[in-house]
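Novice: Sharing a structure with you now.
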Amino acid sequence: MNVNVQKEGAKLILGVEGKLSTNTAPALEKAMKDNVEGVTELVFDFEKLDYMASAGLRILLSSAKIMKKKGSMKIINVTEPVMEVFNLTGLSDVMDIETI
Amino acid sequence: MKELKIEATPQNLDSVIQFVDEQLEEYGCGMKQQMAIDLAVEELFVNIAHYAYNPETGYASVLVDVIKDPLSVEITFIDNGKPYDPLAKSDPDTSLSVEDRPIGGMGIFLVKKSMDLVNYEYKDGKNILTIKKNI
């Protein structure tokens, strides 16, 4: 997995590429925590993400909890297999998620 | 049926997923089904790696059986660790808001939702967890 970090003022875009699993999730969590200070708009770009397990959901949920207090968060360009994980857990109803 | 016996550590997760995928390669699984299967394998193997032998380590066996007509795959996880039925845990409330949701507890729930069959038994000192998915 690769994380592409793009910061434009108070906007942070994390582009995630490859597989978000138990073993790769800590790297995404670190990228989020290292860069989230002062951010009011957090965007996860999942265009190149082709796999996500529950470890990924944990990071997204904890990011969403952080951003509820200080701004907005959305997940964009979600592919069909990954969207299924959001749908099955009901997170698609409570998070701002856009499919590709 | 193919079997992989491997030390149950999170570091071995990729090898386990690769082993399962190899057995399915010739059957042309769709992307969505492939991800659902890989996800179930990850959640169940990581569960064993984290809890079965903790704080010691031990082995897990992963058995893959592809059944033809109708095409389906049956995957069985066996470990000799502490008796533990992950399916007994109650399902998370999927209607809760972001603020009210606990962070964890979604892995096994995803397995239950995405597989066509999930079964646990404790037999002869072994945890035996079987999943089945029509492909």
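The values are calculated or read from the model by the stated rules, or taken from the named source; none is laboratory data. All figures in this text were calculated on a predicted structure; none of them were measured in a lab. Note that we place each Cβ from the backbone using ideal geometry, even for glycine, and neighbour counts take in every protein chain shown.
Novice: I'd like the residue in the range A:1-12 that is away from chain B (no Cβ under 14 Å) and buried (at least 16 other Cβ atoms within 10 Å of the Cβ) and, out of all such residues, is nearest to residue A:50 (Cα to Cα).
Specialist: A:3
Novice: Under 23 Å from residue B:133 (Cα atoms), away from every other protein chain (no Cβ under 11 Å) and either charged (D, E, K, R) or crowded, with 16+ Cβ neighbours inside 10 Å (or both): is that true of residue B:41 in this structure?
Specialist: In short, no.
Novice: Let me ask something else about it. With the requirement that a residue be within 13 Å of the chain's Cα centre (by Cα) and either of a type in the set (S, T, N, Q) or at the interface with chain B (Cβ under 9 Å from one of its Cβ atoms) (or both), what does the range A:86-98 give you?
Specialist: Residues satisfying the conditions are A:91, A:92, A:95.
Novice: Which residues, taken from the range A:3-14, are without any contact (Cβ under 8 Å) to a residue 12 or more places away in the chain and assigned to a loop (DSSP other than H, G, I, E, B)?
Specialist: Passing the criteria: only A:9.
Novice: Being at pLDDT 95 or above and in a helix (DSSP H, G or I) is the requirement here; does residue A:61 meet it?
Specialist: yes
Novice: Taking only pairs six or more apart or across chains, which ones have beta-carbon atoms under 7 Å, a first residue in the range A:36-58 that is under 21 Å from residue B:104 (Cβ atoms) and in contact (Cβ under 8 Å) with a residue 12 or more places away in the chain, and a second residue that is of a type in the set (Lys, Arg) and buried (at least 17 other Cβ atoms within 10 Å of the Cβ)?
Specialist: So the pair list comes out as A:51/A:19.
Novice: State all residues of the range A:68-82 that are in a helix (DSSP H, G or I), more than 9 Å from chain B (Cβ to nearest Cβ) and within 12 Å of the chain's Cα centre (by Cα); if no residue qualifies, say none.
Specialist: Selection gives nothing.
Novice: On to the next question. Please name all residue pairs, on different chains or six or more residues apart, with Cβ atoms under 7 Å, provided the first residue is in the range A:87-100 and is without any contact (Cβ under 8 Å) to a residue 40 or more places away in the chain and the second residue is surrounded by fewer than 14 Cβ atoms within 10 Å (Cβ to Cβ).
Specialist: Final answer for the pair search is A:90/B:95; A:94/B:97.
Novice: Given the conditions (1) touching a strand residue (DSSP E or B) at 6+ places or on another chain (Cβ under 8 Å); (2) polar (S, T, N, Q); (3) surrounded by 13 or more Cβ atoms within 10 Å (Cβ to Cβ), report the number of the one that residue B:47 does not fulfil.
Specialist: Unmet for residue B:47, out of (1) touching a strand residue (DSSP E or B) at 6+ places or on another chain (Cβ under 8 Å); (2) polar (S, T, N, Q); (3) surrounded by 13 or more Cβ atoms within 10 Å (Cβ to Cβ): (1).
Novice: Let me ask another. Kindly list, by first and then second residue, each pair from a residue in the range B:16-38 that is closer than 16 Å to residue B:115 by Cβ to a residue that is small (Gly, Ala, Ser), limited to pairs with Cβ atoms under 7 Å and residues at least 6 apart or on different chains.
Specialist: Note: pairs meeting the criteria are B:36/B:114.
Novice: On to the next question. Just to check your reading of the model, which residue among A:80, A:17 is under 22 Å from residue B:109 (Cβ atoms), surrounded by fewer than 16 Cβ atoms within 10 Å (Cβ to Cβ) and without any contact (Cβ under 8 Å) to a residue 60 or more places away in the chain?
Specialist: A:80
Novice: Take the range B:1-20 and flag every residue that is under 18 Å from residue A:18 (Cβ atoms), surrounded by fewer than 19 Cβ atoms within 10 Å (Cβ to Cβ) and within 11 Å of chain A (Cβ to nearest Cβ).
Specialist: Answer for the range B:1-20, where residues must be under 18 Å from residue A:18 (Cβ atoms), surrounded by fewer than 19 Cβ atoms within 10 Å (Cβ to Cβ) and within 11 Å of chain A (Cβ to nearest Cβ): B:10, B:11, B:14.
Novice: If we keep just the residues of the range B:61-102 that are among the polar types (S, T, N, Q) and away from chain A (no Cβ under 14 Å), which is farthest from the chain's Cα centre (by Cα)?
Specialist: The selected residue is B:90.
Novice: Still on this model: Any residue in the range B:104-115 that is without any contact (Cβ under 8 Å) to a residue 40 or more places away in the chain, loosely packed, with under 12 Cβ neighbours inside 10 Å and of a type outside the set (Phe, Trp, Tyr)?
Specialist: no
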